[in-house]
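The values are calculated or read from the model by the stated rules, or taken from the named source; none is laboratory data. These numbers were taken from a predicted model, which means no experiment stands behind them. Neighbour counts are summed over all protein chains in view; Cβ atoms, including those assigned to glycine, are modelled from backbone coordinates with ideal geometry.
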Amino acid sequence: MQQKPRLFGTNGVRGVWGKDLTSEIVVNLTYAIATYFKNGPIVVGHDGRRSSPIISRLVRATLSSAGLDAVDAGLVPTPCLQHAAKRLGYNGGVMITASHNPPEYNGIKPAAADGVEISREDELTVEDIYYSKRFSEMAGHGRQYTDDNVVPKYIDKVLSLVDTERIRSRNFTIAMDTGNGAQAVVVPIIAKKLGCKVIVINGDIDADFPGRGSEPTTDNLGVLADVVRNGKADFGVAFDGDGDRSIFCDDRGTIYWGDKTGALLAKNLLAQRHKGAEIVCPINTSMVLSKVAEESGLKVIYTKVGSVEVSREMVKRKAPLGLEENGGFMYGPLNEVRDGAMTTALILDMLAATTTSDLSFSRLVENLPRTFQIKTKFSCSSRDIVERVVKACMEHGSPKRIETMDGAKIWIDDETWLMVRPSGTEPLIRMYAESTDKALLDSKVDEYSRIIKSQMN
């Protein structure tokens, strides 16, 4: 078993459909998941990728042949499927998605009965069953049916967690870039129910993600920023392919990474409801959060990078808040998972709670501690190169300290750090860097980028 390659990456099992992720792999993996779950019913949802309906049918048929009832949730965002697994009487769920990966990819992401992705330990259990083919033998077939309540019940729950009347009274205008992804079927409905005027960009489900690709980044949201400015919107928000992540821009069209808006939520809204609470985040999170935590009495708990790590730590600690720098914000009262629609509703709730109408999104951000951030990535051909790169970065210069929880986080001084780690979903090395000194930040990123590139040859 130890010699076998890992199936699960940072978020579920992913690969190019028909190449790394074949029908045979899907069937055997689903039998392994069915053996792990033992009992149904299991709810299955899918995103808008071309191969997703095919894989969903295959997964449901396999679950049924393994003796488990398999329920079709249809095309839904991932957090909507996870909410159904948690609150609608299911013993677990399976989401068919490759999230932000290119169109040719797809994936399988199991959620436990608590609505959260299965733990790293349970991933290893599923892999062990998969490789050993110790599938449970179950007599008969499970039923297959459709659940039309998955989206309506989810929307009702989101609305119950914010002050709907106060939000409606403000008549907000929101620009939304749903990225041709699954969130197009849910979040505009929530915003309209909250009395917002909604300007939707890339609102058609399209498997090729022609608008701006499946991953929202600070580099590809220029159209959203223009629409916010030209449409005089209160803010803009963009979602990834399966709708669990959200990247925001303010009323001036300035785009922010998720840990900055997450810190804003923690400071201005959630800290009021959950005073003294813990907030869980990965080790690559902005210093802005730790500075906000010092001011507001929040306790920050750090994990390895990956939403599974954050979510499972939230469950373990009963922590109400979690976030990731890539736009994943988790709100425990709904579910301990990334949720772009819930985060959008919370941003609206935060803005509606401001006592003066001129306290805009941009003004609220200005009140946060200021830092500069750079995030970049490097293509990588093998795991050996990753280890070589991390080692070379750790041995370079005379840093103040190095943290090795996940890759290497190198502290140049108390307010400047740089981190390198392998991507868990793509053949990449990711670099994150932050400082209160922009010139120092630029210099260090250039310096370490040269080291990384020198190790690629």
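For the range 95-119, a residue qualifies if it is within 16 Å of Ala32 (Cβ to Cβ) and of a type in the set (Asp, Glu), and exactly one does: Glu117.
The set of residues in the range 13-52 being surrounded by 15 or more Cβ atoms within 10 Å (Cβ to Cβ) and among the basic types (Lys, Arg) consists of Arg14, Arg49. Which residue out of Ser443, Ser449 is in a helix (DSSP H, G or I) and over 30 Å from Asn11 (Cβ atoms)? After applying the criteria, what remains is Ser443.
With respect to Thr10, is the statement that it is in contact (Cβ under 8 Å) with a residue 24 or more places away in the chain, surrounded by fewer than 22 Cβ atoms within 10 Å (Cβ to Cβ) and under 30 Å from Arg421 (Cα atoms) true? Steps first, please.
Numbers: in contact (Cβ under 8 Å) with a residue 24 or more places away in the chain: yes; surrounded by fewer than 22 Cβ atoms within 10 Å (Cβ to Cβ): yes; under 30 Å from Arg421 (Cα atoms): yes.
For Thr10, the condition - in contact (Cβ under 8 Å) with a residue 24 or more places away in the chain, surrounded by fewer than 22 Cβ atoms within 10 Å (Cβ to Cβ) and under 30 Å from Arg421 (Cα atoms) - is met.
Report yes if some residue within the range 70-89 is at positive phi, of a type in the set (Gly, Ala, Ser) and modelled with pLDDT of 95 or more; otherwise report no. Checked against the condition, which is being at positive phi, of a type in the set (Gly, Ala, Ser) and modelled with pLDDT of 95 or more, the range 70-89 yields at least one hit. Counting only strands (runs of 3 or more DSSP E) that fall entirely inside the range 265-333 and contain at least 1 residues that are without any contact (Cβ under 8 Å) to a residue 40 or more places away in the chain and touching a Cys at 6+ places or on another chain (Cβ under 8 Å), the qualifying elements are 299-303.
Among the residues of the range 218-274, write down those that are at pLDDT below 95, in contact with a Gly (Cβ under 8 Å, 6 or more places away or on another chain) and among the hydrophobic types (A, V, I, L, M, F, W, C). Matches in the range 218-274: Trp257, Ala271. Residues considered: Thr354, Thr436. Of these, the only one that is touching a Ser or Thr at 6+ places or on another chain (Cβ under 7 Å), more than 20 Å from Gly306 (Cα to Cα) and surrounded by fewer than 22 Cβ atoms within 10 Å (Cβ to Cβ) is Thr436.
Residue-wise test of (1) farther than 28 Å from Leu221 by Cβ; (2) surrounded by fewer than 20 Cβ atoms within 10 Å (Cβ to Cβ); (3) of a type in the set (A, V, I, L, M); (4) within 22 Å of the chain's Cα centre (by Cα).
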position	(1), (2), (3), (4)
Lys304	no, yes, no, yes
Leu323	no, no, yes, yes
Glu336	no, no, no, yes
Leu348	no, no, yes, yes
Ser362	no, yes, no, no
Cys393	yes, no, no, no
Met405	yes, yes, yes, yes
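For the residues Gly243, Gly258, the requirement of being out of contact with any strand residue (DSSP E or B) (no Cβ under 7 Å at 6 or more places or on another chain), in contact (Cβ under 8 Å) with a residue 60 or more places away in the chain and buried (at least 24 other Cβ atoms within 10 Å of the Cβ) singles out Gly243. So which residues in the range 73-104 are of a type in the set (Ser, Thr, Tyr) and either farther than 22 Å from Asp240 by Cα or more than 17 Å from the chain's Cα centre (by Cα) (or both)? Hit for the range 73-104 is Tyr90, nothing else.
For the range 252-264, the set of residues classified as more than 17 Å from the chain's Cα centre (by Cα) and in a strand (DSSP E or B) consists of Ile255 only. Remark: pairs (first residue in the range 370-388, at pLDDT 90 or above; second residue polar (S, T, N, Q) and part of a loop (DSSP other than H, G, I, E, B); Cβ separation under 6 Å; 6+ apart in sequence or on different chains) = Thr371/Thr436. Selection of first residues in the range 445-457 that are over 19 Å from Glu387 (Cβ atoms) and of second residues that are at pLDDT below 95, restricted to Cβ pairs under 7 Å at least 6 apart or on distinct chains, gives the following pairs, ordered by first then second residue: Val445/Ile374.
For the range 1-38, the tally of residues that are polar (S, T, N, Q) and at pLDDT 95 or above stands at 5. If the condition is being part of a strand (DSSP E or B) and over 26 Å from Tyr105 (Cα atoms), then the range 192-251 contributes Lys197, Val198, Ile199, Phe235, Gly236, Cys249.
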